[in-house]
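Step one of this worksheet: look at the structure below.
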């Protein structure tokens, strides 16, 4: 249920937010949904195009940044190669020779044997004075003061084997870089000059993009090497590179010189008259020269239109494709929506006609989609409504007939119900002689009459039996009460007589005990007298006296037993009298209840009395005793 519940909640929120004016119009809803879908597709297309454009631009920027780093690597390798040549060449002992001819021949040989070396000079430094010892270009003893080679006088070396690299300068009509290495332990130096023309020819800026080029500048913005050196109109060596804003990439390259990847790109530099007269991109990277200039920077230029033209093409194509997709979807949606909305509107009008009662309206369409099936469903519903209306009309007529019959039956039932109600009320008042007469008009009413008559008959018979039973109970109770009172009086008389007998027996017992004691006393005196008078014999008399005393004691014992039996009989008589009193009270109460019952039953009117017969007990049909008699 979670999926259906969540969807229902969302639809509920939509129904609450969307105005009814929109919800009532399918075409408007479809247009809004279509518009939202177009906006969504457009947004996705724009975002995707922007993402692709950004990724492509980043890739191209990385390529230009890498290209600047490659150009810097080419320059560094060229410098290192020439430094190595200068260091190796300076190990030749001929440079320290005093034989000037030998030094000159060695210089010429070195120039011819090394491709990168354009000129070879051996100079002698005496303080700040530097003079030429031998040279492939200069005359011996010429001074370099005031020339572009005077930088040699400023060189200081800590030890043999070190090579100092100069900046770029012009000498003899060429643009060169000088490499100075000390010779031996003396004051001579080997100076090798290499032209940068061939080095500039290895740059790839022009091959990377049309109108592109590579330059090497120093920290002050002076152009040292230009890929366009072969074209005197384009190259501007030793001039200042652009304005202050244009030299920002130079500062950025020197600022990141110590980083692991000290290269970057400025993708949109404003047009510069002495750089490129339109917006351009420039990749930059610092150049690392050992024992030489520390702020060389290589700059790879190209117009932005050339560098990022493909990016712009991708962006334009993506936007155009997105717009075309949105437009195509809009056109298809409008056609489909208009067609569907028109069909639904026609169907709505036909449904309204059906609602107004016109069931002969034509509902047909050539569509076979959901709308076509909806038309078919409405057509089926129209036919079904026709059939149902006809059936309803027939049912209405039958219902009218049934209603008439029902009204007649209702009237009959009402009359019979009133009659039955009056009979029931009479029965409730105690008249059990009334009966309901079945008329064979309604089975249920006849069944009620039959069941009521049977019930009243049973109730009448039961009431008659109860009347008889009440009279018999009342008479029997009075008889029991009289008998109980008679027996009680007799028991009380017996108890009084026995009490008198007991009292007489008690008195007689006392007298006999006294006589017995007197007889015992007489017998004792006679025995005493006989003992004192030897000649007198009272044997027979004493024996008779003792027999009489024994008889008296026996009579006393019998009297006690008689008295005890009398007391028991008297107690039993008293208990019987008490029980008879209880029986008499119960009989009196039974008579009173029987009177109450008889008075109540007297309110019921019956046609005849019925004999009451006990169904249980020893005298009943189920008992083993004799049959009851009239006595």
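Annotations for the structure displayed:
- With 0.36 nm allotted per residue and the present C-alpha distance subtracted, the residue 361-residue 402 stretch has 11.3 nm of extension available.
- Each of 436, 455 has some number of other Cβ atoms within 10 Å of its Cβ, and from fewest to most they run 455, 436.
- Shape annotation for segment 443-601: C-alpha extents along the principal axes are 129, 24, 14 Å, from largest to smallest.
- Computed label-point distance, nm, for sites residue 187 and residue 561 using a 7 Å Cα→Cβ extension: 18.8 nm
- Taken over the Cα atoms of segment 362-429, the convex hull encloses 97 Å³ per residue.
- Added length on full extension, which subtracts the Cα-Cα distance from 0.36 nm per residue, residue 458 to residue 385: 20.3 nm
- Estimated inter-spin distance, residue 574 and residue 32, nm [label 7 Å along Cα→Cβ]: 11.2 nm
- Sorted by Cβ neighbour density within 10 Å, fewest at the top, the residues 520, 93: 93, 520
- Between residue 451 and residue 544, the distance separating the two model label sites (each 7 Å from Cα on the Cα→Cβ line) works out to 10.4 nm.
- Here residue 331 and residue 373 are evaluated by their C-beta separation; at R0 = 22 Å the FRET efficiency comes out at 0.25.
- Spherically averaged projected area in nm², based on the convex hull that wraps the Cα atoms of segment 191-278: 7.1 nm²
- Contour excess over end-to-end distance, with Cα ends at residue 99 and residue 514 and 0.36 nm allotted per residue: 129.0 nm
- At R0 = 51 Å, FRET efficiency that the Cβ-Cβ distance of residue 141 and residue 274 yields, to 0.05: 0.80
- Average Cα contact separation per residue, segment 71-192, under 8 Å, 6 or more apart, as relative contact order %: 28 percent
- Inverse mean reciprocal Cα-Cα distance (Kirkwood Rh) of segment 54-311, Å: 19.3 Å
- From the alpha carbon centroid of segment 90-137 to that of segment 450-514 is 176 Å.
Laboratory data are not the source of any read-out in this text; all were calculated from the coordinates shown. All values reported here derive from a predicted model rather than from experimental measurement. Note that each Cβ is placed from the backbone with ideal geometry, even for glycine, and that neighbours are counted across all protein chains shown.
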